[in-house]
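Here is the structure we will look at, set down as structure tokens.
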Amino acid sequence: MAEALALLRQVSVFADLPDDQVAWFMSQVKDISVKAGEIYARQGDPADAMTVLLEGQFQWRGEIAGETLVRDVSAGEVTGVLPFSRMKRYTLSGRALTDGRMLRFPAALFPELVQRMPELTTRLVGLMSDRIRETTRLEQQRDRLVSLGKLSAGLAHELNNPASAAKRASSQLRDMLKQVRDASHELGKRDLTPQQKSEIEKLESSLMRANGHPPNPLAASELEEKIDSLLRSHGQNDLWQLSGDLARKNFSPSDLEHLFDMLEPETARAALIRMATLGEIAGLLNEIESSTTRISDLVKAIKEYTFMDQSPVQNIDVVKTLENTLTILNHKLKRGVTVHRDYQPLPLLVNSFGSELNQVWTNLIDNAIDAMNGKGDLTIRTLRQDDSVVVEIRDNGPGISPEVLPRIFEPFFTTKGVGEGTGLGLDTVQRIIKKHRGNVQVRSKPGDTCFQVWLPMAPDGNARSN
């Protein structure tokens with residue numbers, strides 16, 4: 001017992017406590033020796049004791065929400081359940097890494113401990129607060145990493161689509177350029193008059209400018225039949241593929257007839273192949289431009305979403321941050337969510353950590369999408385109330401039950417399945433909004449859930465609205 005007492009005095013929270021209090025504590029504990037590899041607490045078992053580690057190295061380890069959590073502890077630390085803790089069962093299993101020694105104090109004696117050892121109680125409460133802060137920090141970090149992983153996967157998909165389209169178009173472009181070269185070589189061998197050259201160039205320009213909407217499928221089919229019939233009537237039985245290409249460009253059968261009237265059959269054939277190919281090249285160039293523009297827009301949205309290369313605190317246009325977030329979450333929205341925007345016309349500015357504000361919108365919009373199972377109506381509204389900016393994010397999902405509603409902002413509270421949520425999304429929202437001196441409110445009934453975020457407007461947020 002004397003050796004255990006000496007070791008206990010080396011634990012910081014016990015070092016300077018009165019002898020009589022420490023003596024009482026020693027009279028209530030169980031002195032336990034453990035071998036390396038021995039389990040001294042099992043995940044899920046009742047948390048019925050506080051453990052003071054006297055000698056050795058130990059480890060807490062277990063699976064929570066599909067993730068393996070590991071925490072190493074050593075002699076001089078106090079672990080297990082602490083006074084005023086709400087922990088009922090061990091969330092991890094404790095195992096000795098080396099031979100060791102510990103003191104177990106029964107949780108049932110905590111009321112008496114509080115009375116007899118007030119200074120120790122204060123220190124243990126401080127330890128518990130530190131433990132909660134550290135656990136919350138790790139969970140928030142994990143939550144951010146999970147969110148980042150989901151966003152990265154979605155953005156990779158969003159970037160891959162236009163990148164693949166551009167790659168496909170550029171590959172087709174290579175084949176088309178060969179066809180143009182061959183057709184141009186064939187035309188070059190013909191003795192064309194200036195008028196004939198002018199007519200060919202006019203038709204080519206017309207096809208390359210044909211950027212309007214293509215005809216509807218029925219009209220396109222009818223036009224294709226007419227063009228194909230005309231080509232066959234002039235002995236061009238193997239140009240059936242050009243019929244479809246020309247029909248999609250709304251090429252007029254009368255122009256085709258004029259071409260054959262003006263040129264020899266083989267010359268008209270070479271001219272027609274070059275025209276149709278140049279028209280397809282124009283379409284491919286438009287597709288490449290559209291795809292690369294989409295990639296550029298996504299990269300710009302990512303930079304603005306993360307506020308890369310910008311000062312951390314600045315006056316932020318709320319609508320712009322909402323739009324950037326919608327762009328980032330498009331991979332989830334496009335599967336069946338209709339977004340309705342009701343923005344105040346004048347810019348609404350708040351002095352904010354921009355990336356944190358985007359985290360708020362991401363959590364609220366992502367939750368709304370999940371609540372609707374990916375299909376429904378999402379309404380986003382901005383307005384000004386006195387000196388506050390108000391953002392409403394509303395969905396027409398099943399709603400939040402009255403039993404759950406009071407708890408949704410509690411840390412680690414979640415209604416999602418194991419591995420699907422940490423219960424920190426709305427807690428993060430509330431912390432960030434409070435940091436910005438604002439507040440968040442929620443109203444919910446079946447078919448209508450509305451989160452309302454109030455933020456103080458920047459001094460030059462906008463002119464007063466009527």
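The values are calculated or read from the model by the stated rules, or taken from the named source; none is laboratory data. If you're wondering where the values come from, they're calculated on a predicted model, not measured in any experiment. For neighbour counting, all protein chains shown are included, and Cβ atoms are generated from backbone atoms with ideal geometry for every residue, glycine included. These area figures cover heavy atoms from the full protein model, side chains too; ligands, DNA and RNA do not enter into them. Shrake-Rupley method; radii C 1.70, N 1.55, O 1.52, S 1.80 Å.
Apart from one condition, Thr338 fits all of (1) of a type in the set (S, T, N, Q); (2) within 17 Å of Glu158 (Cβ to Cβ); (3) surrounded by fewer than 16 Cβ atoms within 10 Å (Cβ to Cβ); the exception is (2).
Scan region 319-335 residue by residue and report those that are farther than 13 Å from Ala368 by Cβ and either surrounded by fewer than 17 Cβ atoms within 10 Å (Cβ to Cβ) or not hydrophobic (A, V, I, L, M, F, W, C) (or both). Show your work before the answer.
Initially, region 319-335 is screened for residues farther than 13 Å from Ala368 by Cβ, giving 319-321, 323-324, 327-328, 330-331, 334-335.
Of everything in region 319-335, those that are farther than 13 Å from Ala368 by Cβ and either surrounded by fewer than 17 Cβ atoms within 10 Å (Cβ to Cβ) or not hydrophobic (A, V, I, L, M, F, W, C) (or both) turn out to be Lys320, Thr321, Glu323, Asn324, Thr327, Asn330, His331, Lys334, Arg335.
Within region 183-197, if we keep just the residues that are open to solvent by less than 100 Å² (accessible area, probe 1.4 Å) and free of Cβ contacts under 8 Å to residues at least 40 places away in the same chain, the residue that is nearest to Leu278 (Cα to Cα) turns out to be Gly188. Within region 65-79, the only residue that satisfies the criterion of being at pLDDT 90 or above, surrounded by 18 or more Cβ atoms within 10 Å (Cβ to Cβ) and not β-branched (Val, Ile, Thr) is Ala75.
Keeping to region 256-296, report how many residues are under 22 Å from Thr193 (Cβ atoms) and surrounded by fewer than 16 Cβ atoms within 10 Å (Cβ to Cβ). So the answer is 6.
So that you can scan it fast, the table gives a plain yes or no per residue for (1) open to solvent by 50 Å² or more (accessible area, probe 1.4 Å); (2) in a loop (DSSP other than H, G, I, E, B); (3) in contact with a His (Cβ under 6 Å, 6 or more places away or on another chain):
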site: Leu17; (1), (2), (3): no, yes, no
site: Gln21; (1), (2), (3): no, no, no
site: Met26; (1), (2), (3): no, no, no
site: Ala36; (1), (2), (3): yes, yes, no
site: Thr51; (1), (2), (3): no, no, no
site: Glu63; (1), (2), (3): yes, no, no
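So, in region 219-231, of the ones that are more than 13 Å from Leu272 (Cβ to Cβ) and of a type outside the set (Gly, Ala, Ser), which residue ends up least open to solvent (accessible area, probe 1.4 Å)? Steps first, answer last, please.
Let us first name the residues in region 219-231 that are more than 13 Å from Leu272 (Cβ to Cβ), namely 219-226, 229.
This time we only want the ones that are of a type outside the set (Gly, Ala, Ser), so: 222-226.
Details: Glu222: 104, Leu223: 26, Glu224: 79, Glu225: 125, Lys226: 126 Å².
Here the answer is Leu223.
In this entry, Ile316 passes the filter for residues that are open to solvent by less than 50 Å² (accessible area, probe 1.4 Å), at pLDDT 75 or above and in contact with a Ser or Thr (Cβ under 8 Å, 6 or more places away or on another chain). Filtered by the rule that a residue be at pLDDT below 85, surrounded by 13 or more Cβ atoms within 10 Å (Cβ to Cβ) and not in a loop (DSSP other than H, G, I, E, B), region 232-254 gives Trp240, Leu242, Ser243, Gly244, Asp245, Leu246, Ala247, Arg248.
Among the residues of region 80-114, those that are over 45 Å from the mean Cα position of the chain (by Cα), surrounded by fewer than 18 Cβ atoms within 10 Å (Cβ to Cβ) and of a type outside the set (A, V, I, L, M, F, W, C) comprise Asp99, Pro106, Pro111, Glu112.
Sort out which residues of region 1-15 are in a loop (DSSP other than H, G, I, E, B) and either among the charged types (D, E, K, R) or in contact (Cβ under 8 Å) with a residue 12 or more places away in the chain (or both), and write them in order of number. Explain how you work it out, then say what you get.
Of region 1-15, the ones in a loop (DSSP other than H, G, I, E, B) are 1, 9-11, 15.
Correct list: Met1, Arg9, Gln10, Val11.
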